[in-house]
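Notes to accompany the following structure.
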Amino acid sequence: MYLTKIEEKMYNGEYGEYVSKAIRIIVKVGESLNASRLINIRHAHISGVGYSNLGDAGLTFLKDLARENVKFRTYTTANPGSVDIESYNYFSYGEEFLKKQIEILELYRSMGVNTFTCTPYHIRTPRFGEHLAWAESNAVLIANSIYGARTNREAGPLALFSAIVGKTYYSGVHIKSGRIPRIRFLVRDLKDSFVEAGLLGLMIGRISRDKIALLSGASRLGFERLKTLLAAAGSTGSMSMILIEGVTPMEIPMSEILENIEDTIVIDRKDIKIYHDEEPFLCDDPEAYLIGCPHNSIEVLKELRNIATRFSGKTSKPVWVLIPPEYESNQVIRDDLEFLRSKGFIILKGICPVISPLSQLGFKCIGTISSKALFYMPKLSGVKVRLLDLYDLVAEAFNYKTS
Ligand code: F3S
């Protein structure tokens, strides 16, 4: 692989041992993918922040980096952990777990992580054509598919190494020819709902696996439902992009895209219902509800407030509303957050209950609008899931029966 003079110096250890280790790994991965060179990135996003998935080995590695005074060379964000300093009394996973989770967050912060959220695109909007090294699957799919930015779907450690070096390898979807879909999904009569969009995403991911897909018939879903769809697709599939007709900025003529399609699959609402009914981890009676997997946008918080105003009193069960930490000080939604709190909603900043051992706290069934949560919670939190649309979830939390 061709390296610039500076990259050679990094490689040879002139910028420190860990920079050398990091660039060597990026080069090795790049060479295995036939990358001819490295490219600068504008934003790195690291995953694997929860103590439950990082473990003691990961914590020790982060301590080593911090001891060597390693700092990130580009704007860097990271996924949430299980708890933060404000929520650890609420989710009491035990002294040891909490101590180590907080330590992980502090170590990342000391190296230059700006914020902990799984929606880095709500904090710094990706620009068309810019190169990123992101590790969170929903964020990768949204950056490529909605904003037209370019990021491969990196493993957590590789995104960390890219943050240390400020570069990634020039391969995969960084290259125009790496963004051509091979499989097409034609969607018919899709309802504008979180539940249907998410289930469709799970189906697309399961069928396309690592193949970039072309999705036709879904452009009338707004950003929020597409976000749910892409997050779900990234759970069951390992692709880094879905080209959404009418949404994704087009760099390649449609005629060329269609020439490369090897398979077309038609999905309608009947198929989505069958998929839902076959899900093995559904439950009926949630002890709590979760809105914000991935973390909520300002728009969903406003939609939530509008719905909540229709119900008197307070929620009868906990409703966890997950937000990026910055939103607390955002003037545009401060009032909305206060209103939601006054109605009994629990606002959680920069954390992820989905990767957390909720079953240890006695939870068995969680209600959510997120199909990504439906996919991960039974595996990672040990709970089952009730999938609901936003209005129905809020109504149920206020103990109001919908038909
Ligand atoms: Fe975010 Fe956790 Fe869901 S990181 S996307 S809330 S699984």
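The values are calculated or read from the model by the stated rules, or taken from the named source; none is laboratory data. Predicted, not measured: the structure shown is a model, and the values here were computed from it. We place every Cβ from the backbone using ideal geometry, glycine too, and count neighbours over all the protein chains shown. Heavy atoms of the whole protein, side chains included, go into the accessibility calculation; ligands, DNA and RNA do not. Shrake-Rupley method; radii C 1.70, N 1.55, O 1.52, S 1.80 Å.
Side notes on the structure shown:
- Residue count, the stretch 38-51 (criterion: more than 17 Å from ALA155 (Cβ to Cβ) and either open to solvent by 30 Å² or more (accessible area, probe 1.4 Å) or at pLDDT below 95 (or both)): 3
- Neighbours by Cβ (under 6 Å, 6+ apart or cross-chain): first from the stretch 210-230, assigned to a helix (DSSP H, G or I); second aromatic (Phe, Trp, Tyr) and open to solvent by less than 40 Å² (accessible area, probe 1.4 Å): THR228/PHE194
- Per-region count, the stretch 147-196, residues at pLDDT below 95, part of a loop (DSSP other than H, G, I, E, B) and open to solvent by 20 Å² or more (accessible area, probe 1.4 Å): 5
- Exclusive hit being in contact with a Phe, Trp or Tyr (Cβ under 7 Å, 6 or more places away or on another chain) and either among the β-branched types (Val, Ile, Thr) or surrounded by fewer than 15 Cβ atoms within 10 Å (Cβ to Cβ) (or both), set SER316, SER312, SER356: SER316
- Of the strands (runs of 3 or more DSSP E) lying entirely inside the stretch 307-403, the ones with 1 or more residues being farther than 19 Å from GLU224 by Cβ and in contact with a Lys or Arg (Cβ under 8 Å, 6 or more places away or on another chain) are found at 365-368, 384-387.
- When GLY237, GLY201 are checked against the criterion of being free of Cβ contacts under 8 Å to residues at least 40 places away in the same chain, of a type outside the set (Asp, Glu), within 16 Å of the ligand (Cβ to nearest atom) and open to solvent by less than 10 Å² (accessible area, probe 1.4 Å), GLY237 stands alone in meeting it.
- Applying the condition of being touching a residue at least 40 places away in the same chain (Cβ under 8 Å) and over 20 Å from GLU245 (Cβ atoms) to the stretch 141-154 and asking which residue is nearest to the chain's Cα centre (by Cα) yields ARG153.
- Taken over the stretch 275-309, the criterion of being surrounded by fewer than 16 Cβ atoms within 10 Å (Cβ to Cβ) and within 16 Å of the ligand (Cβ to nearest atom) is satisfied by PHE281 alone.
- Residue check for LEU33: open to solvent by 10 Å² or more (accessible area, probe 1.4 Å), touching a Phe, Trp or Tyr at 6+ places or on another chain (Cβ under 8 Å) and at pLDDT 95 or above: yes
- Selected residue (only one of ILE252, ILE261, ILE272 is outside any strand (DSSP E or B), open to solvent by less than 70 Å² (accessible area, probe 1.4 Å) and under 30 Å from ASN399 (Cα atoms)): ILE272
- Residue pairs meeting the criteria (Cβ under 7 Å; at least 6 apart or on separate chains; first more than 17 Å from SER82 (Cβ to Cβ), in the stretch 368-387; second among the hydroxyl-bearing types (Ser, Thr, Tyr) and near the ligand (Cβ under 9 Å from one of its atoms)): PHE375/SER235
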